[in-house]
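Note sheet for the following structure.
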Amino acid sequence: MKLLFVASECTPFVKTGGLADVIGAVPKALAASGVDVRVLIPAYPTLAAWLDGECVLTFEDLFGGPARVIAVKAEGLDMLLLDAPHLYDREGNIYLGSDGQDWPDNDLRFAALSYAGAQIGLGRLEGWVPDVINAHDWQAGLVPAYLAQASTKTPPVVMTIHNIAFQGVFDPTRLAALGLNADQFTPRGVEYYGKISFLKAALALSDKITTVSPTYAAELLTPDFGMGLDGLLRARQADLHGILNGIDLDVWDPQTDKALPANFSVRSLKGKALCRSELEARFGLSEGDGPVFCVISRMTSQKGLDMLLECLPALVVQGGKLALLGSGDAHLERAFIEASNRFSGSVGTIIGYDEELSHLMQAGSDAILIPSRFEPCGLTQLYGLRYGTLPVVARTGGLADTVIDANEAAILTGCATGFQFAPVNATMLGHAITRACGLYAQPKIWTAMMKRAMRHPVGWDLSASAYLDVYNAAQER
Ligand code: ADP
Ligand code: GLC
């Protein structure tokens, strides 16, 4: 099977969140089943070093300037880089200008990505026509809309929703500029409450829809989580599949991780203590006995960190410590910096994005806090499991599907791997933190949980074969 991925980010080339990790990992897992996957992403400045690959497709004018697609094999992936300097050659965040606002031409930037994907689907790459296209999130949402305008045979499209909060909504006057025919502006096409939505278009027009956990697939059908698209998704329920994310075990393995001062494994946990000491030093935490909690996160309302702020005094009183790495909303950044001044030695905050430090945090912490209001899948709890850092999570989305709560029954039967709380509010988060502190004081139970968590299967094998089933079904349309 030939499969084209279309996405806006891909680890290790460019990453702002979990989407990139998934795009970088799934193709490798699918390759093991003989699937030939190529990954189309924009050639942002971080990809400049790879632009000396082979030019396999050119566009005289792709939404305002010349563009080309460069094919290159790198980091174990078959990449197709959409080099369109007028759209992507800018410093800073790939979605936002330095003012923190979306780039004003984001509609054109990601229409171009979708258009290039559709053209590859229509056979414009010599010698390689995909059997299926898997478009990811709104940035690739117009792929099926452009295919719908073609008069020739088109490949089936599978749309994967990584986060329904981002829908790519633009003014209806942009229709012609986006190269969309007027007859696409209907409720069956790109129209969404009088505007254009890239994600809506994909959900209406693609052959199959997947999202990144079974629980999120169910939640999306409700008004509380569907964010305006629940009605459409209910109508398409038969084509919607929740497939749990995995992690790249070559990158996230405490036994081989090069970012750590010491390695460890389920058989020998000794190195973890050294990682903890280094982590405490990096975050200015005192060396006490209590559990070290960590947070590695975008700081947005999705992630529920405002609730964690409310719980900090109690966390500290119980002897707990917190190391937080993240960036995002200015008021949250400020509040955590203030908290680290107030609870100096017990709370440490580093504002920024630091991949290497995130590995040390997963290795050196005792528990990872993820109080998300919604979480399509979440990857940091999976890294936590792998590194024996027990997840304390809101019972929602993929968090609900990957962590086994240490309730009495689970402790008694020896299957707990972390802590879940619901309903998702500060009181119940505080309660979960208290339960974690309580069990941390019982080393026998805690260590057994750590070892169980480290053995929990978090690779891609099962999910890769679930994707394969969906791609096969899509071809039978
Ligand atoms: P989301 O995609 O919603 O941000 P995920 O849990 O799926 O949430 O993925 C987040 C990814 O980004 C993880 O790989 C996490 O380690 C990483 N990450 C988030 N914030 C930071 C940061 N400040 N520094 C380093 N890595 C981060
Ligand atoms: C999104 C979601 C996150 C998920 C990631 C990868 O960014 O917020 O929950 O893990 O995509 O699918």
Gly328: passes all of (1) modelled with pLDDT under 95; (2) under 20 Å from Gly418 (Cα atoms); (3) not charged (D, E, K, R) but (2)
Can you confirm whether segment 310-333 contains a residue that is open to solvent by 50 Å² or more (accessible area, probe 1.4 Å), more than 16 Å from ligand 1 (Cβ to nearest atom) and farther than 23 Å from Tyr440 by Cα?
yes
Looking at segment 382-393, can you tell me whether even one residue there is of a type in the set (Gly, Ala, Ser), open to solvent by less than 40 Å² (accessible area, probe 1.4 Å) and more than 14 Å from ligand 1 (Cβ to nearest atom)?
yes
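Quick test for you: out of Thr152, Thr186, pick the one residue that is of a type in the set (Val, Ile, Thr) and under 23 Å from Met1 (Cβ atoms). If you could, list the steps in order and put the result at the bottom.
Details: Thr186 fails: under 23 Å from Met1 (Cβ atoms).
From the options Thr152, Thr186, the qualifying one is Thr152.
Scan the strands (runs of 3 or more DSSP E) fully inside segment 45-131 and keep the ones with 1 or more residues being of a type outside the set (Lys, Arg), closer than 19 Å to Val143 by Cα and in contact (Cβ under 8 Å) with a residue 60 or more places away in the chain. Lay out the reasoning, then the answer.
Numbers: elements: 54-59, 67-74, 77-83.
Because the criterion is at least 1 residues that are of a type outside the set (Lys, Arg), closer than 19 Å to Val143 by Cα and in contact (Cβ under 8 Å) with a residue 60 or more places away in the chain, the strands (runs of 3 or more DSSP E) in segment 45-131 that meet it are 54-59, 77-83.
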Check segment 251-267 and report whether any residue there is within 16 Å of ligand 1 (Cβ to nearest atom) and under 24 Å from Ala394 (Cβ atoms).
yes
Pairs please, first residue from segment 380-406 and charged (D, E, K, R), second anywhere and open to solvent by 10 Å² or more (accessible area, probe 1.4 Å) and assigned to a helix (DSSP H, G or I), Cβ atoms under 6 Å, 6+ apart in sequence or on different chains.
Asp401/Pro214; Asp401/Thr215
Hey, among the residues in segment 341-366 that are more than 8 Å from ligand 1 (Cβ to nearest atom) and part of a loop (DSSP other than H, G, I, E, B), which one's nearest to Ile94 (Cα to Cα)?
Ser365
For segment 359-366, indicate whether the set of residues that are within 16 Å of ligand 2 (Cβ to nearest atom), closer than 24 Å to Ala448 by Cβ and open to solvent by 10 Å² or more (accessible area, probe 1.4 Å) is non-empty.
no
The number of residues in segment 148-182 that are at pLDDT 95 or above and either outside the structural domain of Val22 (by TED's automatic domain parsing) or more than 22 Å from Tyr467 (Cα to Cα) (or both) is 21
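The values are calculated or read from the model by the stated rules, or taken from the named source; none is laboratory data. Here the structure is a predicted model, which is why all the values come from computation and not from measurement. Neighbour counts are summed over all protein chains in view; Cβ atoms, including those assigned to glycine, are modelled from backbone coordinates with ideal geometry. Only protein heavy atoms, including side chains, enter the accessible area calculation; ligands, DNA and RNA are left aside. Shrake-Rupley method; radii C 1.70, N 1.55, O 1.52, S 1.80 Å.
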